[in-house]
Amino acid sequence: MADKSPGKEWVHGLLVTIASLLLLAAAPQRQIFRGASDLLGTILSIPEYPAVILEKTARETAFWLRDRRALQTRLEILEEENVRLKLAWSVGSARNLQQDLEGLAGYARVTLREPLSWWSEVRINKGLRDGIRSGDPVLQRGFLAGRITSAEAGFAWVELITSSSLMVPVVIEETRDLGVVAGDGEGGLWLLYVPEGRSLSEGMTVSTAMVSEALPPGIKIGTLSSETRRDSNSYLAWRVLPGSTLSNLYALEVLAGTLREQRGGQPLSAPRGGPAP
Amino acid sequence: MIYLLSWYAQDFLQVLGTGTALVPEVFLLTLVVLSVFRPEKGPEILWAAFFGGVLWDLRWVGFPGITSLLYGVTLTAVQLFWNSLPVSGRTVPLFGASLLGASIPIALTRIFLSRYREGGIFTAWLLQQSYMLPLILLACALYAWRLKNSDV
């Protein structure tokens, strides 16, 4: 390291200070320095150009990022709004459907169908007050869909024909063969107790038979399909294609009072209101 | 050449950080380091500081004389202080303290002359010092390396 320098610093420092003070004293006279300042700006604009470009790029990138963030936020808000609107529309649509169903005379709306007993039972919004009694047949689109198993003042439970515990005596209209239709609890419907060798075929109509007091005769259930299975040595079970669409069950028609009329010797009333297929 | 490069570096940073932050005083730090490393060039460095300050004022401040005055006074003080020290007392920490001390007057003046005086003077100063700290540490490392080599 060098030793002490001769010590002229203070002289030059003093001169620099004096020169600076003189400049400061002249600084308010702006016109003196304006030309120099402009010239310097012009000269420096060339070496400063890369810095200007960099600064501009950084600023534009920052703006772009900010705009993108703002757009993202806006998009999220719109998506949330869209979900809310869809939900509101769905609720409104469901309400309209409910009102439409309740406006149909003679029809009961399905108010409960539990997943665990999907093919076994449903609850409807009409009951004893509407003249519905236990045992009344329930139709959909003119086809048998089930039976009332219990009725309360404002609602009733319907056992569906696909329930494994509901067995309905039926007749094959083309051959007058009698049998029993029962569900398998999984959406399937089978014609049982028809002896092997009977000339049944696909497409034949299955209706309720006049061998039961539980259901009035002549209500269509569906048609035979070609699928069969062997239940025992001498009986074949035929799969029945139900006429009612149990996977699209919103409203049901209850033939209220048909059994009372039948027992009282009155003629069987026609199904009310429901459109026949 | 080194005077021009360091001045240009500071000017470049000033363009980059226009309106956002105080730039580190690269030019002044370079002159202080040169004053320590090349004490025989003391007068030349002082006049370089003067002209660099004038250019800076003309380019950015618009009030010629302020920066050159501060640069001149600071450098004269640093040179007198450093040259008055015995050789054994010229340690690395003292060198770092001299660099830091030299940057404080000009930094405070810039803060008071700028819009930073209205909000967060301390924050603006700390921010500028944080930019300068790596440069000061680098200069200290260079000085330590030079000390070690001169001892050998």
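The values are calculated or read from the model by the stated rules, or taken from the named source; none is laboratory data. What you see is a predicted model; the values in this text were computed from it and never measured. Every residue, glycine as well, gets a Cβ built from its backbone with ideal geometry; the counts of neighbours run over all protein chains shown. We work out accessible area using only protein heavy atoms, side chains counted, and drop any ligands, DNA or RNA first. Shrake-Rupley method; radii C 1.70, N 1.55, O 1.52, S 1.80 Å.
Once the mean of 1/r is taken over each pair of separate Cα atoms and inverted, the protein assembly as shown shows a Kirkwood hydrodynamic radius of 30.9 Å. Against chain B, whose longest principal axis is taken from its Cα atoms, helix B:66-84 shows a tilt of about 20°.
Measuring heavy-atom accessible area with a 1.4 angstrom probe and counting protein chains only, the residues of the range B:1-24 that give up at least 40 Å² relative to the chain alone are B:Tyr8, B:Phe12, B:Val15, B:Leu16.
Projecting the Cα atoms of A:Leu178, A:Ala70, A:Leu14 onto the dipole axis of chain A, where Lys and Arg carry +1 and Asp and Glu carry -1 at the beta carbon, places A:Leu14 farthest toward the positive end. Sorted largest first, the principal axis extents computed over the alpha-carbon atoms of the range B:1-53 equal 38, 17, 16 Å. According to the Kirkwood relation over distinct C-alpha pairs, the hydrodynamic radius of the range A:13-56 is 12.6 Å. The reciprocal of the average 1/r between distinct C-alpha atoms defines the Kirkwood hydrodynamic radius, which for the range A:1-140 equals 26.0 Å. Hydrodynamic estimate: the Kirkwood radius of the range A:47-103 over Cα pairs, inserted into Stokes-Einstein at 4 °C and 1.567 mPa s, corresponds to D of 85 µm²/s. Positive end of the dipole of the range B:1-92 (Cβ unit charges, origin at the Cα centre): among B:Pro24, B:Tyr71, B:Val87, the Cα lying farthest that way belongs to B:Val87.
Ordered from highest to lowest accessible area with the whole protein assembly present and a 1.4 Å probe, B:Phe122, A:Phe33 read as B:Phe122, A:Phe33.
The Cα trace of the range A:107-265 gives Rg and Dmax of 15.5, 49 Å, the first to one decimal, the second as a whole number.
The C-alpha atoms of chain B define a longest principal axis, and helix B:2-16 lies at about 30 degrees to it. In the assembled protein chains, A:Thr175 presents an accessible area of approximately 40 Å² (probe radius 1.4 Å).
Extent of chain B along its three principal axes (Cα atoms, max minus min coordinate, largest first): 50, 29, 24 Å.
Across A:Glu253, A:Glu55, A:Glu202, the residue with the most accessible area heads the list, and the full order at a 1.4 Å probe is A:Glu202, A:Glu55, A:Glu253. Would you mind classifying the range A:67-196 by shape? Square roots of the alpha carbon gyration tensor eigenvalues, ordered a ≥ b ≥ c; an a/c under 1.5 is rounded, otherwise it is prolate if a/b is larger than b/c and oblate if not. It comes out prolate by the Cα gyration axes.
As I understand it, the value is the acute angle between the Cα axis of helix A:9-26 and the longest principal axis of the Cα atoms of chain A; what does it come to in degrees, rounded to 10? Taking Cα atoms only, the helix is inclined about 70 degrees.
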